[in-house]
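Throughout, read-outs are computed from the coordinates displayed, never taken from laboratory work. Just so you know, these numbers come straight off a predicted model, no measurement behind them. Virtual Cβ from ideal backbone geometry, glycine too; neighbours counted across all protein chains shown.
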Amino acid sequence: MRKADVERVFQALGDPTRRAILEKLSKGPISVSKLAEPLDMTLAAVVQHLQVLEDSGLVRTEKVGRVRTCNIEAAGFAAAEQWLKDRRTVWDRRFDRLGDLLGERKKHG
């Protein structure tokens, strides 16, 4: 996934309302109107949040008749997971080197 895509994912996850929407969707598909019910905002505002989530690859919506249903989409989460995994590898190597250096200082100190 491109850098811009990962940035979109983290930007989308940075908003507490969007995280609440994702929590609700983690329990299964739900219509936009049902998703909006417990939120203290207009339906239009919820749709804007969903658009950000959809653009980032975290959510997929599908319209059947007059009902738009939302689902979690794995692609965005996979991009974030891969980004974190790549960083962790670098961080682990750096900590290993630091541990080695500190160990050497202790032996010679």
Ratio of Rg to Rh over the stretch 27-78 (Cα coordinates, Kirkwood Rh, two decimals): 0.96
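What does the charge add up to near SER33, with Lys and Arg as +1, Asp and Glu as -1, over the other residues with Cβ less than 13 Å from its Cβ? Please list the in-between numbers first.
Values: positive: LYS24, LYS34, LYS63, ARG66, ARG68; negative: GLU37.
Around SER33, the charge tally is +4.
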Reference-scaled alpha-carbon Rg (2.2 N^0.38 Å with N residues) for the stretch 63-105: 2.27
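Just to be sure I follow: if Rg is taken over the C-alpha atoms of the chain and Rh is the Kirkwood radius over the same atoms, what is Rg/Rh? Provide the component values of the computation, followed by the final result.
On the way: Rg = 20.2 Å, Rh = 16.1 Å.
Rounded to two decimals, Rg/Rh equals 1.26.
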Ordering of 63-72, 10-19, 87-96 by packing [mean C-beta count within 10 Å, highest first]: 10-19, 63-72, 87-96
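Residues with beta-carbon under 11 Å from that of VAL52, excluding VAL52: net charge, scoring Lys, Arg +1 and Asp, Glu -1? Don't jump to the answer; show the numbers that get you there.
Values: positive: ARG8, ARG18; negative: ASP15, GLU54, ASP55.
Taking every other residue near VAL52 into account, the sum is -1.
Could you work out the local net charge near LEU101, counting Lys and Arg as +1, Asp and Glu as -1, over the other residues with Cβ closer than 14 Å to its Cβ? Could you put the intermediate results ahead of the total?
Working: positive: ARG93, ARG94, ARG97, ARG105, LYS106, LYS107; negative: ASP96, ASP100, GLU104.
Result for the local shell: +3.
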Relative contact order for the chain, counting Cα pairs under 8 Å that sit 6 or more residues apart, in percent: 29 percent
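Using the Kirkwood formula on the Cα atoms of the stretch 11-54, what hydrodynamic radius do you get, in angstrom to one decimal?
Details: mean 1/r = 0.0961 Å⁻¹.
10.4 Å is the Kirkwood radius here.
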